[in-house]
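Notes follow the structure.
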Amino acid sequence: METKKSPKANLENYSKLFVQLGLVLALLIVYVGIEYKTFERDIDELGILNMGEEEVEDIPITERIEQIKPPPPPPPAPEVIEVVEDEEEVEETMLESTETDENEVVEVEEIVEVVEAEEVAEDVPFAIIEDAPIFPGCKGSKAELKKCLQKSIEKHVGRKFNTSLAGDLGLDPGKKKVYVVFKIDKSGNIVDVRARGPHARLEKEGISVVNSLPKMIPGKQRGRPVGVKYTLPITLLVE
């Protein structure tokens, strides 16, 4: 048996209408939601505030009580001094008068003047020596003798020193210095010779040359022979 429907009862004919109604309802809901306003509520009265009585706290008043120190103990009683009778006889010392009479002869002992020997330093640097050592052949005043000694030593070293030795040792080009320190003792001999230089062979050569210096007249300080310290710088040019 075939079912028959009325065309008016068919809902598919109204589908477009339902869609339009749905859209209109949705737009209405959105519009109402956008235009909806809220207002602050006025509060006319506040609840009764119960203000309790404030509690007043009693703060005790404190007083600083200083500790009373006990008084210091009384000083000890003085010792009882026992008085003892002096039965012993005391001999009095009689002082004789030192005054002299005009007729009294006063003996005067002979006064011997003692001259203390002034100490002289054993060794004196050449720069401050009063009388410099005298090189054989030098003459003149003290200043001339001192200058002659220096020139004679330099001339002797320049003649005896092997200058070619510096080039044979492979040293760098330039000026090289060898410092020789020695002393002219109280007898005029050369002693305590030491050297310091860029090479041990140069130091040995410097010592050998200084030891070959002739014997001199010793230097004097305050009229007494003393040892004289001398420093001799030797300059070598290495090419």
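Gly158 falls short on exactly one of the conditions (1) within 44 Å of the chain's Cα centre (by Cα); (2) at pLDDT below 90, and that condition is (1). Cβ-Cβ contacts under 8 Å between residues 6 or more apart (or on different chains), taken from a first residue in region 172-193 that is under 18 Å from Ile129 (Cα atoms) and of a type in the set (Asp, Glu) to a second residue that is open to solvent by less than 70 Å² (accessible area, probe 1.4 Å) and assigned to a strand (DSSP E or B), are listed as Asp185/Val191; Asp185/Gly227.
Quick one: in region 194-220, which of the residues that are within 22 Å of Ile129 (Cα to Cα) and touching a Phe, Trp or Tyr at 6+ places or on another chain (Cβ under 9 Å) is surrounded by the most Cβ atoms within 10 Å (Cβ to Cβ)? Once the filter is applied, the top-ranked residue is Gly219.
Condition check ((1) hydrophobic (A, V, I, L, M, F, W, C); (2) closer than 21 Å to Asn189 by Cα; (3) surrounded by 13 or more Cβ atoms within 10 Å (Cβ to Cβ)) across all residues:
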residue: Ala132; (1), (2), (3): yes, yes, yes
residue: Lys139; (1), (2), (3): no, yes, no
residue: Cys148; (1), (2), (3): yes, yes, yes
residue: Lys155; (1), (2), (3): no, yes, no
residue: Gly158; (1), (2), (3): no, yes, no
residue: Asp168; (1), (2), (3): no, no, no
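Could you count how many residues in region 179-189 are touching a Leu at 6+ places or on another chain (Cβ under 6 Å) and open to solvent by 30 Å² or more (accessible area, probe 1.4 Å)? Summing the residues that are touching a Leu at 6+ places or on another chain (Cβ under 6 Å) and open to solvent by 30 Å² or more (accessible area, probe 1.4 Å) in region 179-189 gives 0.
The values are calculated or read from the model by the stated rules, or taken from the named source; none is laboratory data. Worth saying up front: this structure is predicted, and the values here are computed from it rather than measured. Quick reminder, even Gly has a Cβ in these numbers, built from the backbone with ideal geometry, and neighbours come from all protein chains shown. Just so you know, the surface numbers come from the protein's heavy atoms only, side chains and all, with ligands and any DNA or RNA stripped out. Shrake-Rupley method; radii C 1.70, N 1.55, O 1.52, S 1.80 Å.
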